[in-house]
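**Q** What follows is a structure written as structure tokens; I'll ask about it next.
The values are calculated or read from the model by the stated rules, or taken from the named source; none is laboratory data. From a predicted model like this one, the values you see are computed outputs, not experimental measurements. Quick reminder, even Gly has a Cβ in these numbers, built from the backbone with ideal geometry, and neighbours come from all protein chains shown. Just so you know, the surface numbers come from the protein's heavy atoms only, side chains and all, with ligands and any DNA or RNA stripped out. Shrake-Rupley method; radii C 1.70, N 1.55, O 1.52, S 1.80 Å.
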Amino acid sequence: MKELKDVQSLDYQQGEILLFDKPLCWTSFQVVGKIRYVLCKFLGIKTKNLKVGHAGTLDPMATGLLVVCPGKATKQIEQF
């Protein structure tokens, strides 16, 4: 697992592959929206300027690993 200082040095606009444990009752779309919001606040950019996608959809009543790809990594989603 990466330390906070390592996470802050990542280039989210160029693309990173992130793994999240999706909480119960959240949709995959909600997870992506929250990640986009947090990353844009961290980067100091508008939410419309950062693409964020997910590889696969989990049912809202399911928990599990959700692959999230911000920035240019959205073009790699098909690999997952």
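**Q** Select, from LEU39, LEU58, LEU50, LEU65, the only residue that is closer than 17 Å to GLY15 by Cβ and either free of Cβ contacts under 8 Å to residues at least 12 places away in the same chain or touching a Lys or Arg at 6+ places or on another chain (Cβ under 8 Å) (or both).
**A** Values: LEU39 fails: either free of Cβ contacts under 8 Å to residues at least 12 places away in the same chain or touching a Lys or Arg at 6+ places or on another chain (Cβ under 8 Å) (or both); LEU58 fails: closer than 17 Å to GLY15 by Cβ; LEU65 fails: closer than 17 Å to GLY15 by Cβ.
When all the criteria are applied, what remains is LEU50.
**Q** Inspect the range 15-22 for any residue being of a type outside the set (S, T, N, Q), at pLDDT 90 or above and open to solvent by less than 20 Å² (accessible area, probe 1.4 Å) and give the result as yes or no.
**A** Within the range 15-22, the first condition is being of a type outside the set (S, T, N, Q), and the residues that meet it are 15-22.
Within this subset, residues satisfying the condition of being at pLDDT 90 or above are 21-22.
From what's left, open to solvent by less than 20 Å² (accessible area, probe 1.4 Å): 22.
Looking through the range 15-22, at least one residue is of a type outside the set (S, T, N, Q), at pLDDT 90 or above and open to solvent by less than 20 Å² (accessible area, probe 1.4 Å).
**Q** Please go through the range 31-56 and give me each residue that is surrounded by 12 or more Cβ atoms within 10 Å (Cβ to Cβ) and part of a loop (DSSP other than H, G, I, E, B), ordered by number.
**A** ILE45, LEU50, LYS51
**Q** Can you pull out the residues in the range 23-57 that are on the phi > 0 side of the Ramachandran plot and modelled with pLDDT of 85 or more?
**A** The answer is CYS25, GLY44.
**Q** If I ask for residues that are closer than 16 Å to ALA62 by Cα and under 10 Å from the mean Cα position of the chain (by Cα), which ones from the range 12-27 would you list?
**A** LEU19, PHE20
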